[in-house]
1. Build a GNM of chain A with springs between Cα atoms under 10 Å: which of A:40, A:156, A:65 gets the top mean-square fluctuation?
2. Please give the calculated 222 nm ellipticity per residue for chain A, where each DSSP H segment of at least 4 residues contributes -39500 (n - 2.57) and the sum is spread over every residue; nearest 500 deg cm²/dmol?
3. List the residues, sorted by chain then number, that are 5 or more residues from residue B:67 or on another chain and whose placed amide H is less than 5 Å from its amide H.
4. Report the residue, chosen from A:221, A:73, A:144, that carries the largest GNM mean-square fluctuation when chain A is represented by alpha-carbon nodes joined by springs under 10 Å.
5. Divide the volume of the convex hull of the Cα atoms of chain B by its number of residues and quote the answer in cubic angstrom per residue.
6. Can you tell me how much longer the chain between residue B:140 and residue B:211 gets when fully stretched, taken as 0.36 nm per residue apart minus their C-alpha distance, in nm with one decimal?
7. Mind sorting B:152, A:107 by how few other Cβ atoms lie within 10 Å of their own Cβ, fewest first?
8. As a footprinting exposure proxy, order B:117, A:166 by other Cβ within 10 Å, with the fewest listed first.
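What follows draws every value from the coordinates through simple rules; no lab data is involved. Bear in mind that the values here come from a model prediction, so they are computed numbers and not experimental data. In this analysis, Cβ positions are derived from the backbone assuming ideal geometry, glycine residues included, and neighbour counts consider all displayed protein chains.
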2 protein chains.
Amino acid sequence: MKAYIIAIGDELLTGRTLDYNSHWIAKRLTGLGIEVRRIIVVPDDENEIISAIRDAVNKKDINIIITTGGLGPTPGDITLEAISKALNTKLKLNEKALRMIKDRYEELFKLGYVSSMEMNPSREKMALLPEGAIPFFNPIGVAPGVFLQVAEKKSIISLPGVPSEMMYLLEQILKYVHLESRDIFIKTREITIEVRDESTFAEILSDIRERFLGINIKSYPLGFGKRVFMRVIIIAKGKNPDELDELIQKSIEYLRKKVHETKDNL
Amino acid sequence: MKAYIIAIGDELLTGRTLDYNSHWIAKRLTGLGIEVRRIIVVPDDENEIISAIRDAVNKKDINIIITTGGLGPTPGDITLEAISKALNTKLKLNEKALRMIKDRYEELFKLGYVSSMEMNPSREKMALLPEGAIPFFNPIGVAPGVFLQVAEKKSIISLPGVPSEMMYLLEQILKYVHLESRDIFIKTREITIEVRDESTFAEILSDIRERFLGINIKSYPLGFGKRVFMRVIIIAKGKNPDELDELIQKSIEYLRKKVHETKDNL
């Protein structure tokens, strides 16, 4: 499974707001064995959103497209309209979504959080979904989350930009599409190892990549200093978690041995 | 002036590292009057980087493309190779860059931070730049920053992924291309205003957008509560800073008046 994340909002491109949402979603999907292939941040501009959605939909190997932002009642919230234009489908008043929105405004009115529980065009706008979309109740804000199957193995998940709403609705929709049932496991280990210099170490890593198929190994220097330490991340992906642990263990032992040998030579 | 930011690195897509670099660059460019149109995060995958670079280069209105990450000595650092492939140009050993890298390793060796000052293929790799590229000395890490003019009004700036190196080199290159000399000013004001509900307020904002051309107005609710407060951001862009201030002032006065009138009606 591969995913694209599309974050929508001018505030993310002016540097006003840090896009923590995409980071959160990337971490969550990675934990489920889903490979995030791209994060795209676009402004509240219809053509830009349409072009990002189309690119993602046209990528054959991308199964999940997650958008954040632009689901609210203001005229600047145009995500669902842009999605339906990108897909050449129609925006329709979704009765289930309308009910959810009405319920939320009733509740907010009873709590004294809004001055009226009457619907108006701005509020109704949040119930205009692309044809075939499934709304998910938002108990924190108002705008429902949206799940839309666009092809056999391709779907779009649209989430609000407010982090607490985004996080809640992401979990609900992941459960709905059974993405939390794992058939692929990802095991990760990180170690810190002292090396003599980064370039020589790079050659050892290349060697390991060739020797231990099925693992991905990366390294980051922990700053410069008299003693150079590298943070090494080993990632193994597969169906049998025990085998993954063993593979990681063996690659670490090999790495340590090689680095030790290199030190003697220097 | 319009810009794309392309952040390169698997660690940004697995949720291991938060992409604070793009946020920083977006804020810095916005302050210079440059509009960031898109942030794209791609993995350390040659085809993905090439496709992102090509997309950006082919966008007619994009003048500046800033990449971060993938300039180091390891085999995973492939940004410059991908850029030169995207542009159908050659990767060449840049003598100036080579000198910079040698100088850095000499210095790091004298400080006892690396075990040898000799060059090797990994270290030399950082001096392989696309034809016509201009290297910028990196006094914090090793890999030089890179400036490459690709057309009359289009250039690519490649920066290291380590934040301190990225920030330093960004400033150097911005100075070099005189982007810090402003001919367009951006003025921003933020106010907090109490409203009755977000939907009614949205209509007032639409009114202001039509009335005060040249300003951009956005709003964010500050959570739900018995009293609803909106954070309103007014952005004005233009050549005369005094006029911008006046325009912002007038739009705020109009906004406050309208919100006050609405309250009486509710």
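1. Sorting by GNM fluctuation, first place goes to A:40.
2. Values: 9 runs with 111 residues, N = 266.
Rounded to the nearest 500, it is -13000 deg cm²/dmol.
3. B:6, B:157, B:158, B:159
4. Result for chain A, Cα springs under 10 Å: A:221 fluctuates most.
5. Working: hull volume 43.1 nm³, N = 266.
For chain B, the hull spanned by Cα atoms encloses 162 Å³ per residue.
6. Values: separation 71, 0.36 × 71 = 25.56 nm, distance 4.98 nm.
Fully extending the segment from residue B:140 to residue B:211 adds 20.6 nm.
7. Ascending Cβ contact count within 10 Å gives the list B:152, A:107.
8. Values: B:117 15, A:166 24.
Fewest-to-most Cβ neighbours within 10 Å comes out as B:117, A:166.
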